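To start, the structure under review is shown below, and the notes come after it.
The values are calculated or read from the model by the stated rules, or taken from the named source; none is laboratory data. Just so it is clear, the model here is predicted, and its values are computed rather than measured. We place every Cβ from the backbone using ideal geometry, glycine too, and count neighbours over all the protein chains shown. Quick note on the areas: whole protein, heavy atoms, side chains included, nothing else; ligands and nucleic acids left out. Shrake-Rupley method; radii C 1.70, N 1.55, O 1.52, S 1.80 Å.
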Amino acid sequence: MLSLANFGALFMATTASDKAAWLQGPGADCTFNTEPPQRAYRLILLGAPGVGKGTQAEFLCKVLGTCHLSTGDVFRAAKGSTAEPSPAMKVALDAMQRGELVTDETVLNMVAERAGCMHCPFGFLLDGFPRTLNQARALDVMLGNLHQSLDGVLSFDVPEEEIVRRLSGRRTCRGCNATFHVESKPSKKEGVCDLCGGELYQRGDDNAESIRTRLQAYQEQTKPLADYYAAQGLLIPVSASGSPEEVHKAAMCALQEKIARKKCC
Ligand code: AMP
């Protein structure tokens, strides 16, 4: 098990793959830039939009050597693609723009097409999926069929007014999807990604109206997942107030306590 003592050294490691199989779907193969980790972690990141799951996923991937699989990223990749979207994808992208959830059927078909990512030797960090009880039950069946199981569900929590502040100041890179914040995590040069030099933009669904709709969808449809996973003994609550580094440290501590079953710090 990873110790917090060697966390600094591991943090320098690069992310595991280019996630081609996840982002582009069937037919695409990932390019890996490291050997698989000794232990593959299979985790879900749960938390309201804007709680910082994307940033925490970046940290965790570097430490655990796993892949960040975000369903929102798949939709955004489809939105940015020059290819004409399928009718189902068109409906999904319109729902996304309004801040509403995409239908379970579309999401589950999309994830099923990418089932190979669920038994990848690098493990996975699922972000934004599952988002409804239906999706969670379907994921359990999918993992069962693949003889895989979850190690835990990291559930990030933060007060709602803080979420609105975080979302309205969020900027995302068109090139590599890295996220910044105009106040708490500004890029070195305004509008330009520190990591790849890509253009930073404000997501279409990061406006006040969509933010309200997304938070309501979270409260009604996604929050009940905390009870679902608590009942399975998988829930790992993490306070997401504080700097991204502080939250990461709290997440690693909580994960370590869950996996090693002993007090971390
Ligand atoms: P995210 O990047 O996770 O905030 O997702 C952006 C948007 O994509 C959401 O507001 C939804 O419209 C859609 N979306 C992503 N994942 C899902 C999901 N698992 N179920 C339904 N809609 C989703």
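Spin-label model, THR34 to ASP157: label points 7 Å out along the Cα-to-beta-carbon direction sit 3.1 nm apart. For the chain, DSSP calls about 35 percent of its internal beta bridges antiparallel. First select every other residue whose beta carbon is under 13 angstrom from the beta carbon of CYS117; then total the charges, Lys and Arg +1, Asp and Glu -1. Spelling it out: positives minus negatives among the neighbours equals -2.
The protection proxy used here, the mean number of other Cβ atoms lying within 10 Å of each residue, ranks peptides 111-124, 231-244, 83-96 as follows, highest first: 111-124, 231-244, 83-96. Between ASP227 and GLU246, the contour length at 0.36 nm per residue exceeds the alpha carbon distance by 4.3 nm.
At an R0 of 41 angstrom, the distance between the Cβ atoms of ALA112 and ALA208 translates into a FRET efficiency of 0.75. For the pair VAL182 and HIS147, label points projected 7 Å from Cα toward Cβ lie 5.3 nm apart.
Cα-based values for region 79-234, radius of gyration first and Dmax second, are 17.2, 47 Å. Computed from the C-beta positions of THR82 and TYR201 and an R0 of 22 Å, the FRET efficiency is 0.80 to the nearest 0.05.
Comparing ARG214, ARG170, ARG203 in a Gaussian network model of the chain, where Cα atoms under 10 Å apart are tied by springs, the biggest mean-square fluctuation is seen for ARG203. Which entries of LYS53/LYS79; LYS62/LYS262; LYS185/LYS263; LYS19/LYS79; LYS19/LYS263 have Cα-Cα distances beyond 26 Å here? Result: LYS185/LYS263; LYS19/LYS263 exceed 26 Å. With all protein chains kept in place, the per residue accessible area of region 198-263 amounts to 53 square angstrom at a probe of 1.4 angstrom.
Only protein atoms count toward the accessible area here, which uses a 1.4 Å probe; on the chain, the carbon and sulfur part of that area reaches 53 percent.
Rounded to 0.05, the FRET efficiency of the ALA95 and LYS262 pair, given R0 = 35 Å and the Cβ-Cβ distance, is 0.20. Only beta bridges with both residues in region 109-253 are counted; by DSSP, about 60 percent of them are antiparallel. The slack between SER239 and THR103, meaning 0.36 nm per residue of separation minus the straight C-alpha distance, is 46.0 nm.
Specify whether the C-alpha gyration tensor of the chain places it in the rounded, prolate or oblate class, a ≥ b ≥ c being the square roots of the eigenvalues: rounded for a/c under 1.5, otherwise prolate if a/b is larger than b/c and oblate if not. Taking the square roots of the gyration eigenvalues as a ≥ b ≥ c, the chain is rounded.
Proximity of backbone amide H atoms, modeled 1.01 Å from N, is registered between SER70 and ASP127 at under 5 Å, excluding neighbours fewer than 5 places apart on the same chain.
When you filter the GluC sites (Glu not before Pro) in region 173-265 for DSSP loop state and at most 16 other Cβ atoms inside 10 Å of their Cβ, you are left with GLU183, GLU190.
Taking amide H as placed 1.01 Å from N in the peptide plane, GLY242 has no amide H partner under 5 Å among residues 5 or more places away or on another chain.
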